[in-house]
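Everything on this sheet refers to the single structure shown next.
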Amino acid sequence: MTNSDTQNENLAQIGVVGLAVMGSNLARNFASRGHTVAVYNRSTDKTDKLISDFGETGNFIPSKTVEEFVASLERPRKAIIMVQAGTATDAVINQLADAMDEGDIIIDGGNALFTDTIRREAEMAERGRHFVGAGISGGEEGALNGPSIMPGGPKESWDTLGPLLESIAANVGGTPCVTHIGPDGAGHFVKMVHNGIEYADMQVIGEAYQLLRFGAGLEPAEIAEIFAEWNRGDLESYLIEITAEVLRQVDEETGKPLVDVILDAAGQKGTGRWTVKEALDLGIPTTGIGEAVFARALSSSLGQRKAAQGNLPTGTLKTFADLGLNRDEFIDEVRRALYASKLVAYAQGFDEIKAGSEEHNWGVDPRDLATIWRGGCIIRAKFLNRIVEAYDNNAELPSLLLDPYFNGELGDLIDPWRNVVVYATQLGLPAPVFTSSLAYYDSLCAERLPAAIIQSQRDFFGAHTYQRIDKEGTFHTVWSGDRKEIQV
Ligand code: ATR
């Protein structure tokens with residue numbers, strides 16, 4: 001029992017609006033931690049179902065109208081919205097704001113675009129309401145048993161909301177997987193990048209599978225064992241763990257591995273795409289995430305793929321036998337390529353968060369993020385402990401890759417990573433994130449990039465000017481006639 005329970009037994013400490021799967025699981029999570037939870041859904045059937053199925057498991061106060069719902073909340077009122085993103089969210093925010101008073105807190109727990117969250121926060125601030133855009137990761141199971149939560153919004157609201165969110169969040173070694181991320185859209189921004197990183201994480205696992213299956217010719221069940229083994233080492237993570245389970249699954253109808261009968265066209269709901277669009281605007285090369293988003297789009301271009309299959313020249317491809325590789329060594333090289341590419345995707349994601357935070361003056365602490373992503377969320381992984389340590393050692397790291405630990409790891413990863421990219425090319429197996437991440441890495445390390453050529457071309461056709469490496473100033477070459485350089 002919390003203090004507030006004893007103060008007012010007839011009111012709820014928290015309310016949830018929108019009782020589809022995520023909302024009802026979140027409401028049940030709050031109730032299971034001893035909170036009284038007000039619940040409301042536009043159509044009453046979902047509210048009735050929650051109460052009939054789980055009413056016995058905790059204290060719920062169901063309401064049939066928004067006004068009733070708001071009246072059932074303790075002040076300052078705190079209501080989490082879990083409805084469809086977009087106009088539905090705006091409609092519910094306004095209904096709540098109408099029924100609420102000064103200082104009450106509206107939390108949007110959906111996957112809103114952070115610019116919408118910034119707008120909504122400003123609108124609510126004008127009306128004296130606190131608006132908190134909170135990213136919630138962990139899927140249905142996380143919502144029920146402990147998600148990772150990324151709340152933005154005003155700091156004052158965190159003071160009242162924090163303990164409630166801490167009570168339902170995942171917990172790693174006594175640390176709850178929730179913290180105040182920063183003002184207005186900061187929470188939804190980092191949740192967006194979290195999802196972008198998730199896209200890359202999933203894609204690199206897919207690329208490793210592809211190489212083991214169609215390169216080394218291993219069966220899904222054998223690859224399941226390899227992933228289970230990887231899950232006992234540096235790559236230990238939720239996504240590797242569930243992929244091993246997926247690969248063990250046999251289709252009841254056909255007796256084939258389930259992975260073989262699932263259409264290989266990946267869906268997407270938009271957060272990966274948002275991450276890349278925002279990265280483009282911020283000028284941050286999130287190439288791993290970008291390739292992962294494009295890989296999903298390409299997989300879904302079924303007509304184009306069908307037209308190309310068997311109809312475009314592949315050149316001379318090698319077989320696994322042609323490469324003359326030892327199977328176990330190949331498996332370990334693929335593991336290292338996956339690890340290195342994953343590291344690049346995280347480094348790029350953290351770069352985007354840093355740039356977004358600077359752009360919007362949010363003051364996001366990357367160490368906090370690595371800490372709250374260690375549990376509850378889809379990208380939870382042992383590896384995140386290393387990221388926490390990296391930012392502990394140097395809060396101003398220019399890139400995660402330059403942290404001494406990761407730098408050392410890269411020393412062991414780089415040669416196998418290069419080899420795997422070469423093998424993939426020779427085998428004709430696409431590995432877009434492995435490949436582009438290596439190009440990113442080599443670009444970072446290169447002493448000279450071809451950008452000098454691009455600057456010259458720009459100056460040639462558009463007099464866009466350039467700078468020199470040996471003196472200050474801005475220069476333009478007159479490319480016609482005598483071709484002389486002038487300082488501009
Ligand atoms: P999920 O993906 O978890 O199934 P969703 O599609 O994101 O959920 O959101 C569905 C929820 O949004 C439902 O609770 C729905 O209410 P109904 O059960 O009445 O359909 C709610 N929702 C959608 N549009 C809404 C609106 N305009 N006002 C209020 N709630 C709305």
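Taking other residues whose beta carbon is less than 14 angstrom from the beta carbon of N29, and scoring Lys, Arg as +1 and Asp, Glu as -1, yields -1. Taking the square roots of 5 times each eigenvalue of the Cα gyration tensor of the chain, largest first, gives ellipsoid semi-axes of 44, 31, 21 Å. Protein heavy-atom accessible surface, 1.4 Å probe, per residue over the range 14-180: 39 Å².
Take every Cα pair under 8 Å whose residues are at least 6 apart in sequence, average their separation, divide by the length of the chain, and the relative contact order is 12 percent.
Relative to the longest principal axis of the C-alpha atoms of the chain, give the angle of the C-alpha long axis of helix 383-393, reported between 0 and 90° and rounded to the nearest 10°. Rounded to the nearest ten degrees, it is 90.
In plain terms, the chain is cut at each of the GluC sites (Glu not before Pro) found in a DSSP loop with at most 14 other Cβ atoms within 10 Å, and the longest leftover piece is 254-395. The amide H of I61, built 1.01 Å from its N in the peptide plane, has V37, A38, V39 as neighbours under 5 Å, considering only residues 5 or more places off or on other chains.
For K269, the lysines whose Cα falls under 19 Å of its own Cα, not counting residues fewer than eight places away in the same chain, are K191, K277. Distance between the C-alpha centres of the range 57-99 and the range 438-488: 58 Å, rounded to the whole angstrom. Relative to the dominant Cα principal axis of the chain, helix 186-210 is inclined by about 50°. Suppose only helical runs count, i.e. DSSP H with n ≥ 4. What mean residue ellipticity at 222 nm does that imply for the chain under -39500 (n - 2.57) per run, divided by all residues and rounded to the nearest 500 deg cm²/dmol? Computed mean residue ellipticity for the chain: -17500 deg cm²/dmol. Summarising the strand pairing of the range 14-180, around 25 percent of its internal DSSP beta bridges are antiparallel.
Counting only alpha carbon atoms, the long axis of helix 87-99 and the longest principal axis of the chain meet at about 30°.
Counting charges near L401 (Lys, Arg +1; Asp, Glu -1) among other residues having Cβ under 13 Å from its Cβ returns a value of -2. Taking amide H as placed 1.01 Å from N in the peptide plane, the amide H of I136 sits under 5 Å from that of M150, each at least 5 places away or on another chain. Kindly identify the range 192-445 as rounded, prolate or oblate by the Cα gyration tensor criterion: order the square roots of the eigenvalues as a ≥ b ≥ c, call it rounded if a/c is under 1.5, otherwise compare a/b with b/c, prolate if a/b is larger, else oblate. Judged from the Cα gyration tensor, the range 192-445 comes out prolate (a/c at least 1.5, a/b above b/c). Measuring spread by the Cα atoms of the range 14-180 yields a radius of gyration and Dmax of 14.4, 41 Å. With θ taken as phi - 60° and the Karplus curve 6.51 cos²θ - 1.76 cosθ + 1.60 applied, the whole-hertz 3J(HN,Hα) list for the range 73-84 is 9, 6, 8, x, 5, 10, 10, 9, 9, 10, 10, 3 Hz, x standing for glycine and proline. The smallest convex shape that holds all Cα atoms of the range 335-481, its convex hull, gives 191 Å³ per residue. Net charge of the neighbourhood of T65, taken over other residues with C-beta under 14 Å away and scored Lys/Arg +1, Asp/Glu -1, is -1.
Of the solvent-accessible surface of the range 224-266, computed with a 1.4 Å probe over protein heavy atoms with every protein chain present, carbon and sulfur atoms account for 48 percent. Counting only residues at least eight positions apart within a chain, or on another chain, the aspartates and glutamates with an alpha carbon under 14 Å from that of K64 are D45, D48.
With the convex hull drawn over the C-alpha atoms of the range 216-325, the volume per residue is 199 Å³.
Residues in the range 447-461 carry Karplus couplings, in order, of 6, 10, 10, x, 5, 5, 5, 5, 4, 5, 4, 4, 5, 5, 8 Hz; the curve used is 6.51 cos²θ - 1.76 cosθ + 1.60 with θ = phi - 60°, and Gly or Pro positions show x.
Less than 5 angstrom separates the built amide H of I107 from those of A79, I80, I81, V132, all sequence-distant by 5 or more or on a different chain. Each residue of the range 252-268 was assigned a 3J(HN,Hα) from its phi angle through the Karplus expression (A = 6.51, B = -1.76, C = 1.60, θ = phi - 60°), giving 5, 6, 9, x, 8, x, 4, 4, 7, 9, 7, 4, 8, 10, 7, x, 7 Hz with x at Gly and Pro. Extension gain, E252 to A308: 0.36 nm times the residue separation minus the Cα-Cα distance gives 17.0 nm. Note on the chain: with charges restricted to the Cβ of Lys and Arg (+1) and Asp and Glu (-1), its dipole about the Cα centre is near 920 debye.
The values are calculated or read from the model by the stated rules, or taken from the named source; none is laboratory data. Given the structure is predicted, the values throughout are model-derived calculations rather than measurements. Cβ coordinates were reconstructed from backbone atoms using ideal geometry, including for glycine residues, and neighbour counts include every protein chain displayed. These area figures cover heavy atoms from the full protein model, side chains too; ligands, DNA and RNA do not enter into them. Shrake-Rupley method; radii C 1.70, N 1.55, O 1.52, S 1.80 Å.
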